[in-house]
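Chemist: Have a look at this one before I ask anything.
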Amino acid sequence: YHPDRNPGDEDAESRFKEAAEAYEVLSDDEKRVRYDRHGHAGLRQTPGHDFSRMHVEDIFSMFNDIFGGGGGGGRQRRRPARGYDLETEVELTLEEVIEGCSRDVEFKRLDVCQTCTGSGARPGVEPIRCPTCQGQGQVQQSGLGGMFRMVTACPNCRGRGTIVTEPCADCRGNGRVPVERNLEVRVPAGIADGQVIRVQGEGEPPPPETNPDGSGPRGDLHVVVRVTAHERFEREGDHLLVAVPTAFAQMALGATIEVEGIDGPVTVELPAGSQHGAMFRIRDKGLPDLRSGRRGDLIVIVQLVVPRSLTDDQRELLQEYA
Ligand code: ZN
């Protein structure tokens with residue numbers, strides 16, 4: 001599924017991104033255990049990189065050492081000016097969708113180590129030039145028995161060109177440390193399950209391999225919105241559907257029934273002779289549109305309920321009717 005081998009093939013690209021995600025899980029013991037126990041859902045608790053929305057080039061620079069170098073074999077290794085994106089999740093009730101809401105999101109991201117300002121070296125000890133690549137940061141390798149040749153990041157210094165002889169104690173030489181981040185995210189009214197709020201500049205700083213001091217723009221945080229299923233209402237775009245149990249007599253004779261809407265009671269005039277499954281539209285009692293704020297409709301579906309037991313009087317009257 002290498003993008004260079006499958007140019008313009010979106011299916012190959014998405015497979016490639018899945019592979020990148022799988023690699024990240026398998027190479028992280030903690031994530032791997034969680035995946036084994038809880039499957040894909042288990043990973044949501046530890047936000048990882050959002051590969052599906054990342055550029056292929058960024059994935060390459062991230063896994064430089066295993067996928068074989070920037071851009072997949074190009075001469076020049078791509079130096080991302082921007083940090084990586086992160087993903088996290090918030091959960092909302094359907095009621096909260098009406099007004100929108102604010103959520104505190106907590107996530108962990110890699111930030112520049114304050115002790116070594118990202119160099120990975122113990123303060124006062126200068127990193128030395130990498131002997132493997134002579135400080136170039138890249139080496140030439142051949143693959144598949146010499147079938148192709150490519151320039152990849154130096155495996156010894158991981159592309160930095162320098163080697164830390166005495167690593168910083170706080171980041172163990174990585175130049176980055178995981179930092180808890182707390183953020184208030186505004187979720188707009190009318191949002192739907194699966195939609196993503198992009199919080200610009202709340203991702204990671206550019207990676208240490210290219211920008212040790214973390215200079216350059218951060219990636220973004222993608223907040224995936226989950227709207228929990230409601231026990232009574234079903235959502236169809238901005239419209240809400242609700243089934244209302246109704247007695248035969250009310251349907252046959254006509255009645256005014258009160259229905260609990262998503263934000264307060266509404267009344268529906270049932271005409272005489274209403275049928276099971278009949279729908280009544282109540283304007284502007286649905287959910288707001290994400291852009292215009294205009295509310296959709298509440299659609300009441302009449303549902304015939306047959307009594308399970310009858311009093312003697314009721315039975316007599318019903319027999320007479322029958
Ligand atoms: Zn450090």
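Chemist: Tell me the residue from Arg149, Arg109, Arg158 that is away from the ligand (no atom under 11 Å from the Cβ) and surrounded by 17 or more Cβ atoms within 10 Å (Cβ to Cβ), please. Steps first, please.
Modeler: Numbers: Arg149 fails: surrounded by 17 or more Cβ atoms within 10 Å (Cβ to Cβ); Arg158 fails: surrounded by 17 or more Cβ atoms within 10 Å (Cβ to Cβ).
One residue alone meets the criteria, Arg109.
Chemist: Moving on to the next point. When you scan region 170-192, how many residues do you find that are more than 12 Å from Val225 (Cβ to Cβ), charged (D, E, K, R) and open to solvent by 80 Å² or more (accessible area, probe 1.4 Å)?
Modeler: Of the residues in that region, 4 qualify.
Chemist: Residue under question is Ser215, and the condition is that it be outside any strand (DSSP E or B) and either open to solvent by 10 Å² or more (accessible area, probe 1.4 Å) or closer than 13 Å to Gly118 by Cα (or both); does it hold? Outline the logic, then answer.
Modeler: Values: outside any strand (DSSP E or B): yes; either open to solvent by 10 Å² or more (accessible area, probe 1.4 Å) or closer than 13 Å to Gly118 by Cα (or both): yes.
Considered against the rule, which asks whether it is outside any strand (DSSP E or B) and either open to solvent by 10 Å² or more (accessible area, probe 1.4 Å) or closer than 13 Å to Gly118 by Cα (or both), Ser215 comes out as yes.
Chemist: Right, something else. Inspect region 265-285 for any residue being closer than 30 Å to Ile191 by Cβ, touching a Lys or Arg at 6+ places or on another chain (Cβ under 9 Å) and among the β-branched types (Val, Ile, Thr) and give the result as yes or no. Full working, then the answer.
Modeler: First pass over region 265-285, keeping only residues closer than 30 Å to Ile191 by Cβ: 265-268, 279-285.
Applying the additional criterion that residues be touching a Lys or Arg at 6+ places or on another chain (Cβ under 9 Å) yields 266, 283-285.
Retained after the next criterion (residues that are among the β-branched types (Val, Ile, Thr)): 266.
Taking every residue of region 265-285 in turn, at least one turns out to be closer than 30 Å to Ile191 by Cβ, touching a Lys or Arg at 6+ places or on another chain (Cβ under 9 Å) and among the β-branched types (Val, Ile, Thr).
Chemist: Which residue out of Gln138, Gln134, Gln195 is loosely packed, with under 12 Cβ neighbours inside 10 Å and among the polar types (S, T, N, Q)? It would help to see each step written out before you state the result.
Modeler: Numbers: Gln138 fails: loosely packed, with under 12 Cβ neighbours inside 10 Å; Gln195 fails: loosely packed, with under 12 Cβ neighbours inside 10 Å.
The unique qualifying residue is Gln134.
Chemist: Something else about it: Among (1) farther than 30 Å from Cys130 by Cα; (2) within 16 Å of the ligand (Cβ to nearest atom), there is one condition Val244 misses while meeting the rest; what is its number?
Modeler: (2)
Chemist: Residue check, Gly124 against (1) within 16 Å of the ligand (Cβ to nearest atom); (2) buried (at least 18 other Cβ atoms within 10 Å of the Cβ), all met but one. Which one?
Modeler: All conditions pass for Gly124, except number (2).
Chemist: Could you list all residues from region 54-105 that are aromatic (Phe, Trp, Tyr), closer than 22 Å to Leu221 by Cα and either open to solvent by 10 Å² or more (accessible area, probe 1.4 Å) or modelled with pLDDT of 75 or more (or both)? Steps first, please.
Modeler: Step one: list which residues in region 54-105 are aromatic (Phe, Trp, Tyr), which gives 60, 63, 67, 84.
Remaining after also requiring closer than 22 Å to Leu221 by Cα: 60, 63, 84.
Hits for region 54-105 are Phe63, Tyr84.
Chemist: Then there's this: Kindly indicate the residue of region 297-320 that is surrounded by 10 or more Cβ atoms within 10 Å (Cβ to Cβ) and of a type in the set (Val, Ile, Thr) and also farthest from Asp263 (Cα to Cα) among those meeting that condition.
Modeler: So in region 297-320, the residues surrounded by 10 or more Cβ atoms within 10 Å (Cβ to Cβ) come out as 297-305, 307, 310, 314-318.
Next cut, of a type in the set (Val, Ile, Thr) only: 299-302, 305.
On the way: Ile299: 14, Val300: 14, Ile301: 18, Val302: 20, Val305: 25 Å.
Here the residue is Val305.
The values are calculated or read from the model by the stated rules, or taken from the named source; none is laboratory data. Note that the coordinates shown come from a computational prediction; the quantities given were computed from them, not determined experimentally. Neighbour counts run over all protein chains shown; Cβ positions are idealised from the backbone, glycine included. The protein model used for the area step is the full one, side chains on, heavy atoms only, and it has no ligands, DNA or RNA in it. Shrake-Rupley method; radii C 1.70, N 1.55, O 1.52, S 1.80 Å.
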